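Structure first, then comments.
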Amino acid sequence: MASSRESCPSVKNILLLDSEGKRVAVKYYTDDWPTNSAKLAYEKSLFTKTLKSNAQIEEIAMFESNIVIYKFIQDLHFFVTGDENENELILASVLQGFFDAVGILLRNNVDKAEALENLDLILLCLDEIVDGGIILETDATVIAEKVAFHSMESAELLSEQTISQALVTAREHLTRTLFQ
């Protein structure tokens, strides 16, 4: 009997590379590439194989016994890797969800500079899409809303912390001036 993980669609990695094949944001969900150098080698050879393509729409490739769905925009290359037996349509929906959510979060200004400036949003986006290889969400609007909510929540915590830090500083300053 197959375990629930085996019967559940899953992703091996999601990669966002620049136009030179360098990492912008990557997440690996399996031990297929156990070391960082193995991951970098995989990324480089995958980039080299797909470089000749002008993937303005999703394209599918078999690569090292994996199915890879990929799409390019501007100077960014989006990749989703799954097992060779994985459903291509499910992997394509993961890629499209990631691609569209990034577009929403970056206000359709999807390029390397903007992606690096908003790397926290992109990494949160990856966390909302896949957890431990299991696909959680593929609807770009839902993903972007969750990421925006999390980033607003952390911004509120930061602003609250800043206010409390300001109060502590003011209190210390007042105490110093009173006892001088």
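The values are calculated or read from the model by the stated rules, or taken from the named source; none is laboratory data. Not measured: the values here are computed from a predicted model. Using ideal geometry, Cβ is built from the backbone for each residue, glycine included, and neighbour counts are taken over all protein chains shown. All accessible areas refer to the heavy atoms of the entire protein, side chains included, with ligands and DNA or RNA removed. Shrake-Rupley method; radii C 1.70, N 1.55, O 1.52, S 1.80 Å.
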note = Filtering segment 39-52 down to residues that are open to solvent by 30 Å² or more (accessible area, probe 1.4 Å) and either within 16 Å of Lys12 (Cα to Cα) or out of contact with any Gly (no Cβ under 9 Å at 6 or more places or on another chain) (or both) yields Lys39, Leu40, Ala41, Ser45, Lys49, Lys52
ask   = Picking from Asp131, Asp127, Asp139, which residue would you name as being open to solvent by 10 Å² or more (accessible area, probe 1.4 Å) and touching a helix residue (DSSP H, G or I) at 6+ places or on another chain (Cβ under 8 Å)?
value = Asp139
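To keep it simple, each residue is scored yes or no on (1) modelled with pLDDT of 95 or more; (2) assigned to a helix (DSSP H, G or I).
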residue	(1), (2)
Gly97	yes, yes
Ile104	no, yes
Arg107	no, no
Ala113	no, yes
Leu121	no, yes
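Here is a check on your reading of the model: is Phe149 among the hydrophobic types (A, V, I, L, M, F, W, C) and surrounded by fewer than 18 Cβ atoms within 10 Å (Cβ to Cβ)?
Answer is yes for this residue.
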ask   = Regarding Lys71, is this residue free of Cβ contacts under 8 Å to residues at least 40 places away in the same chain, more than 23 Å from Glu137 (Cα to Cα) and of a type in the set (D, E, K, R)?
value = no
request  = Kindly check whether there is at least one residue in segment 19-36 that is in a helix (DSSP H, G or I), open to solvent by less than 70 Å² (accessible area, probe 1.4 Å) and among the small types (Gly, Ala, Ser).
outcome  = no
query = Looking at (1) out of contact with any helix residue (DSSP H, G or I) (no Cβ under 8 Å at 6 or more places or on another chain); (2) on the phi < 0 side of the Ramachandran plot, which is the one condition that is false for Ile60?
reply = (1)
request  = Please find, among Asp139, Asp83, Asp75, Asp127, the residue that is among the acidic types (Asp, Glu) and within 21 Å of Glu20 (Cβ to Cβ).
outcome  = Asp75
inquiry  = Quick check on segment 1-60: of everything there that is of a type in the set (Gly, Ala, Ser) and under 13 Å from Asp83 (Cα atoms), which residue is modelled with the lowest pLDDT?
reply    = Ser7
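Before we move on, is Phe98 out of contact with any His (no Cβ under 8 Å at 6 or more places or on another chain) and crowded, with 20+ Cβ neighbours inside 10 Å?
Details: out of contact with any His (no Cβ under 8 Å at 6 or more places or on another chain): yes; crowded, with 20+ Cβ neighbours inside 10 Å: yes.
Against the criterion (out of contact with any His (no Cβ under 8 Å at 6 or more places or on another chain) and crowded, with 20+ Cβ neighbours inside 10 Å), Phe98 qualifies.
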query = In the list Gly97, Gly82, which residue meets the criterion of being within 14 Å of Gly133 (Cα to Cα) and under 17 Å from the mean Cα position of the chain (by Cα)?
reply = Gly82
task = Only one of these is of a type outside the set (Phe, Trp, Tyr), touching a residue at least 24 places away in the same chain (Cβ under 8 Å) and open to solvent by 10 Å² or more (accessible area, probe 1.4 Å): Asn87, Asn66. Name it.
result = Asn87
